[in-house]
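Worksheet: one structure, shown below.
The values are calculated or read from the model by the stated rules, or taken from the named source; none is laboratory data. Remember, predicted model here, so these are calculated numbers, not experimental data. Every residue, glycine as well, gets a Cβ built from its backbone with ideal geometry; the counts of neighbours run over all protein chains shown. We work out accessible area using only protein heavy atoms, side chains counted, and drop any ligands, DNA or RNA first. Shrake-Rupley method; radii C 1.70, N 1.55, O 1.52, S 1.80 Å.
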Amino acid sequence: MHPAYKLMLIAWAAVAAWVAFVILLNRKVHPKALFALFMVELWERFSYYGMRAILVLYMTSELAKGGFAFDDAKAYGIYGAYGALVYLTPILGGFFADKIMGFRKAIIWGALLMAAGQFTLFLNNQTTFYIGLALLVIGNGFFKPNISSMIGRFYPEGDPRRDGAFTIFYMGINIGAFLTPLTCGAIGEIEGWQYGFLTAGIGMVLGFLIFMWAQSAGWYETHGLKPEEEAKPIIKGISNQLIPYITTLILIPIAWLLILKNDVVDVMLGILAVGILGYLLFLAGKYDTVQKQRIWVIVLLLLFTTVFWTFFELAGSAMNLFTERNVNKTFLGMTFTTTFFQSINPLFIMLFAPVFSWLWITLSKAGKEPAAPYKFAVGLSLLGLGFLVLTLGKAAAVAGLVPAFFLIMLYLLHTLGELTLSPVGLSLVTKLSPAKIVGMLMGIWFLSSSIAHQAGKHIARFTTVSESKIIQNPEFKKYIEDQRLFEVLSGEEFGQLMKEMSVEKALINEKTLQLLNQGLESPKYAVATLQIQEAIDRANNLSNGTQRQKALAESQKTFLVYSDNGATKDYGIVPQSKASELLDGSISGTVISSLRNDSLDLGLGVFRKLGLFAIGCGVLLFILGPMVSRWMHGIK
């Protein structure tokens, strides 16, 4: 069995035991519906984060590995627009549930759309790819806001069990987010990207089946069947019941086009953001001084929370590709997949959320709990420190690869920042908002996540790596002492090869060898091969024949070397240490290591600036803290 699958099974076993313990502990306290909805949300988050973990990797992967070979900038644009729309559509889905469908129908329709989206991505071609993303966007809009709202219906206002119920529910979110990189991510990287999407789709179907089973068992009682206040006929001659489905058919091609032409989303969200800020400031003027200044606090903190999420959400885009290209994924004697590192944040959330809950309660009892602006300042500072800690890894980098320890520390600090800022912001909006507009202001607060995803694409593009541009840049000559080699690598023909395949394959391509040896009395460039003993041993231990053959193929390395007669060199089966020595000392090793060093410098340079900017925002909030605290007028 592949080591990644062993890790996956251990994680599933541990989570299954934990979930069983939580349900047994709370089964007499809470209604059965909570545990059903907990499992439904777990599987929905499993589906969502499963796709998120592999989306950018899939888009940028070369055609031979089942990807689309998109350049980084294009992939970041699609990822950003998808994330932005995912946070926009719940506004519409919530409206339909409240006025027409009821929570249950909205959840069912959303689940079916999202499952269809994942299975459409499984088809693995560019036309169905955009349709799949559009289905996921619209499905999320129907599902996401309404499952949380439905839980609230089982607990009347003031019910002491309410907070505990939502704690259990949010545990499901993080369990799903933790398991999916270890499952969908591992399957996608090992078996093929499309199978990662298939796994995510199966997860969504399981969530749907659990929801329907609990409904047939009567666990939901009468909750969520009909809207509390049905809307009057919206379009003359068309039943209100048909409008959500007609709207879905209209929105799918619109979402498809917005994701494809994602620069339009920049303009759309830019206009929306300016309009909202202007409206909030105008609205504040209609209230008395106390309420006006409280709205100012929301506006100010909204700006800072948008900065936080813009940087934080790079985890799925720029950080994902940085991990793939510039992180040594061997840690504590194990080699992990790229997507494994996407599970670290939800794992830390589960570990540290109870600690933070205890911390705030303890400080509050002692009268020392910091005011919201200071918590925001700490959150932004921790976010910035995470990026700066990663840049320290450059000193320990080998061949352009940073040790995984520094990436894990980044995710630890980012998680602590998230726990300091995110729950505080949600709670604060409900306390500071005038009662008549609390729902609207909460929606605007969530809108910041939509803007953050779209803004993140522009920051991620600063880390964009074009291997052909790096190699063809005259500056690359400092790494290559061989003038003939540099001329071939910087030529148009090699550049064309790199558009069709990875640099590793382009270096050993027959065309490259012809160009290098052309005109020489005796060929001096050749291809060498070897097999790594330890990789063969691991492959032979795999019971699955397909996996074994794939692992054996990966144990063989082919690379470009200098040769006396141009004949292929076969080093046979060698241990890992000898293989590393031969690969690092080869022409291929020199070129690839140089490329990694250049991309490492580029990525860490951007992350350093982000870290300093985030810390600067934190310092600014510390300075503004006394003024902002006064504007809150006693609200903690």
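Brief remarks follow.
- For Ile623, the conditions (1) more than 30 Å from Glu534 (Cβ to Cβ); (2) buried (at least 20 other Cβ atoms within 10 Å of the Cβ); (3) not acidic (Asp, Glu) all hold with the exception of (2).
- Trp256 fulfils the conditions (1) open to solvent by 40 Å² or more (accessible area, probe 1.4 Å); (2) touching a Phe, Trp or Tyr at 6+ places or on another chain (Cβ under 6 Å); (3) in a loop (DSSP other than H, G, I, E, B) except for a single criterion, (3).
- Set side by side, the residues Val297, Val327, Val290, Val378 differ, and just one is in contact with a His (Cβ under 9 Å, 6 or more places away or on another chain) and either of a type in the set (A, V, I, L, M) or open to solvent by less than 10 Å² (accessible area, probe 1.4 Å) (or both), which is Val290.
- Figure legend. Inter-residue proximity from segment 341-355: first residues of a type in the set (A, V, I, L, M) and in a helix (DSSP H, G or I), second residues at pLDDT 90 or above and buried (at least 20 other Cβ atoms within 10 Å of the Cβ), beta-carbon distance below 7 Å, spacing 6+ or different chains. Indicated pairs: Ile344/Tyr411; Leu347/Phe178; Ile349/Thr415; Met350/Phe178.
- A Cβ distance below 8 Å, combined with a sequence gap of six or more or placement on separate chains, defines the contacts here; from segment 103-127, residues that are under 19 Å from Phe142 (Cβ atoms) reach residues that are outside any helix (DSSP H, G or I) and not small (Gly, Ala, Ser) in the pairs Phe103/Arg153; Phe103/His223; Arg104/Tyr220; Arg104/Leu225.
- Only listed residue being farther than 20 Å from Gly634 by Cα and either among the basic types (Lys, Arg) or crowded, with 24+ Cβ neighbours inside 10 Å (or both), chosen from Phe304, Phe282, Phe311: Phe311
- Out of Ser563, Ser543, Ser555, Ser522, sole residue that is buried (at least 18 other Cβ atoms within 10 Å of the Cβ) and touching a residue at least 12 places away in the same chain (Cβ under 8 Å): Ser555
- Some residue of segment 347-369 being modelled with pLDDT of 85 or more, over 24 Å from Gly618 (Cα atoms), basic (Lys, Arg) and open to solvent by 20 Å² or more (accessible area, probe 1.4 Å): no
- Looking at Lys375, Lys394, just one residue is of a type in the set (D, E, K, R) and more than 18 Å from Leu602 (Cα to Cα), and that residue is Lys375.
- Flag if Ile480 is surrounded by 15 or more Cβ atoms within 10 Å (Cβ to Cβ) and modelled with pLDDT of 90 or more: no
- Residues of segment 179-223 that are among the charged types (D, E, K, R) and not in a helix (DSSP H, G or I): Glu221 alone.
- Check on Glu504, part of a helix (DSSP H, G or I), under 35 Å from the mean Cα position of the chain (by Cα), under 28 Å from Val465 (Cα atoms) and acidic (Asp, Glu): yes
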